[in-house]
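The values are calculated or read from the model by the stated rules, or taken from the named source; none is laboratory data. Because the structure is a prediction, the values reported are computed rather than measured. As a convention, Cβ positions derive from the backbone with ideal geometry for all residues, glycine included, and neighbour counts pool all protein chains shown.
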Amino acid sequence: MALYQKEVEMGCRAVRLAALLCQTVQRRLLAEETAAKSDKSPVTVADYGSQALVSWALQTALPPGETLSLVAEEDSEDLRTESGAAMLQRITQLVNEAIKAEDGAQPAPGPLTPEDVATAIDRGLSNGGPLGRHWVLDPIDGTKGFMRGEQYAVALGLLDEGEVVLGILGCPNLPMASISVPGGVMAAATSGQPVGCLFAARKGCGATVEPMDCSLPPQKVSVSKVSDPAWASFCESYESAHSLQDLTANIARVLGVTSPPVRIDSQAKYGAMARGDAAIYLRFPHLGYREKIWDHCAGAMVIQEAGGVVVDAAGRPLDFSKDSAARGTAPLRKLHFSRGSDIPS
C-alpha cells in the first residue's frame, strides 16, 4: 500500500463522520447548544461532537494497544461539571446518531456512553511535537460561519516526525462547482453540482476533491496558474476581526490585483484555492492574535500538494512541530500564496 494511504482512508472516514454530525446540528441549531469559551469565541455541541467522533474513529482504526496522539482544540473539562452534564448527554446522543447513520449499527458492545465521549474528546490533549506521529484537528474551523449557516471545515492533518504528511478538509457547505464565478458561493450552490467537498492530500501524491456524499470519484486539483497579478484574485477571512483587511487591500493594490476579494470562513478557503478558485490568500492577524497549528495544518498540506506555496510574511515555511504548552503554535503573521513557481520573490 502506498505511503500514508491507510491513514488517508482513516482520516477521510473520521472527517465524514464528523461532518455528518455537524450538518445535523447546523440544521437544528438550538440556543442552548451554544456556550462561550473564556476567549468569548462561540463553541457549539458540534465542536465537541466532531472532535469526539474523529478521535473515536481514528482510535478504533489503530491496531490493538496503540494509543492515538491527537492535538486538538477542545477538552471535556466544562462538560464534566454539573452544569455541563446536559450538554454532554446531547453530544453523546449526536455522536451515536452519526455512527449509526454511517454503519447502520452501534459499535460493540453498544452505544458510546457520556464517559466514552468525554474520554474521546480528551484524547485531543496531546502536546504534539517534533517526534512521533500526531494527528492535528480543528473540529470546526470557522465557528462563526457555522453559526451563520455558511462556510466551515472539519480540518484534520497528520504530523510525522514534525512534518505535515497528510491533510484532509471536510467542507460540508462548499459547492463542488467553482465559487470564482459571478455570484460566488450562491451561484455555485445552484449550479446543479453537489454541495459539500472533501479535499485530501498526502505527501508527494497530490491533492484531490470529491463530494462529501461520495457521489463522484475523487478528482485531482491544482492551484491557479495565473501569473499576472492583474488577473489574480485573492481570498481572505470573512470576518474582519480575523485579519487586517485594510492591509491586505493595500497589498493587493500594490500587486496590481483588480478583482474583489473572495471572503469566506475557515480553511474552506484552502480547498477553494487548491482547485484554482483564487490565486492568493492573504492573512495578517491583528496584533496579539496567536495562531495554532490546527488553524492551518490540513489546509497548508492541501495547497502544497495542489502545487502551491504556503509561507509566512518573511517567506519561511510554517513550522507545525512546536510542542508543550504552546500546543503547536505557528508563526504569528502569515502571508499565504497558492500559485506555483511564478510567485514573485
(Q) Of the residues 132, 65, 157, only one is free of Cβ contacts under 8 Å to residues at least 24 places away in the same chain and among the small types (Gly, Ala, Ser); which? (A) 65
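On the basis of being outside the structural domain of residue 321 (by TED's automatic domain parsing), surrounded by fewer than 14 Cβ atoms within 10 Å (Cβ to Cβ), assigned to a loop (DSSP other than H, G, I, E, B) and aliphatic (A, V, I, L, M), does residue 101 make the cut?
Details: outside the structural domain of residue 321 (by TED's automatic domain parsing): yes; surrounded by fewer than 14 Cβ atoms within 10 Å (Cβ to Cβ): yes; assigned to a loop (DSSP other than H, G, I, E, B): no; aliphatic (A, V, I, L, M): yes.
Here the answer is no, as residue 101 does not meet what is asked.
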**Q.** Qualifying positions in the range 161-178 - in contact with a Ser or Thr (Cβ under 8 Å, 6 or more places away or on another chain) and assigned to a strand (DSSP E or B)
**A.** 163, 171, 175
Q) Name the residues in the range 143-160 that are in a strand (DSSP E or B) and within 11 Å of the chain's Cα centre (by Cα), would you? A) 153, 154, 155, 156, 157
Q.
Restricting to the range 139-184, and then to whatever is over 23 Å from residue 204 (Cα atoms) and of a type in the set (Asp, Glu), can you tell me which residue is modelled with the lowest pLDDT?
A. 150
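Report whether or not residue 141 is farther than 25 Å from residue 211 by Cβ and not aliphatic (A, V, I, L, M). Before the answer, list the steps.
Details: farther than 25 Å from residue 211 by Cβ: no; not aliphatic (A, V, I, L, M): yes.
No: the conditions fail for residue 141.
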Q: Please work out if residue 24 is of a type in the set (Ser, Thr, Tyr), in a loop (DSSP other than H, G, I, E, B) and modelled with pLDDT under 95.
A: no
Q.
Name the residue that is farthest from the chain's Cα centre (by Cα), counting only residues in the range 287-313 that are within 23 Å of residue 74 (Cα to Cα), in a loop (DSSP other than H, G, I, E, B) and in contact (Cβ under 8 Å) with a residue 12 or more places away in the chain.
A. 289
**Q.** Filtered residues of the range 259-294 (kept if buried (at least 24 other Cβ atoms within 10 Å of the Cβ), modelled with pLDDT of 90 or more and out of contact with any helix residue (DSSP H, G or I) (no Cβ under 7 Å at 6 or more places or on another chain))
**A.** 268, 269, 272, 275, 277, 293, 294
